[in-house]
Amino acid sequence: MIFDFIQAALPWVAMGLLLAVFFARNASKKKDDKRDNYATEGMCLGMCFGVAIGSSFGNNTGIGISLGMLIGLAIGTCFKKEGDDTDEDEQ
């Protein structure tokens, strides 16, 4: 009985955490900061891997999608994109 509740509530909890991290990251982002991170790419890849893993271990695609997006966002924000530091206005 508790396992059924956890299985039903886990995607909603993971999506809530995903939205909280996503909005907190966007709120603290400066407009002058041109360097970005791989959060969007991490969410996309995490969703793909989450569906593959969730469907291979049973029919848990909803849990796989939500956990994959959450883990992909967390990993993607750890890596900064490298860009040239030259300012376009100075040229």
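Data for the structure
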{"item": "Residue list for the stretch 24-43, filter: in a helix (DSSP H, G or I), open to solvent by 70 Å² or more (accessible area, probe 1.4 Å) and modelled with pLDDT of 80 or more", "result": "THR40, GLU41"}
{"item": "Boolean, GLY68 is at positive phi and either at pLDDT 80 or above or of a type outside the set (Asp, Glu) (or both)", "result": "no"}
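The values are calculated or read from the model by the stated rules, or taken from the named source; none is laboratory data. In this text the structure is predicted, and so the values were computed from the model without any measurement. These area figures cover heavy atoms from the full protein model, side chains too; ligands, DNA and RNA do not enter into them. Shrake-Rupley method; radii C 1.70, N 1.55, O 1.52, S 1.80 Å.
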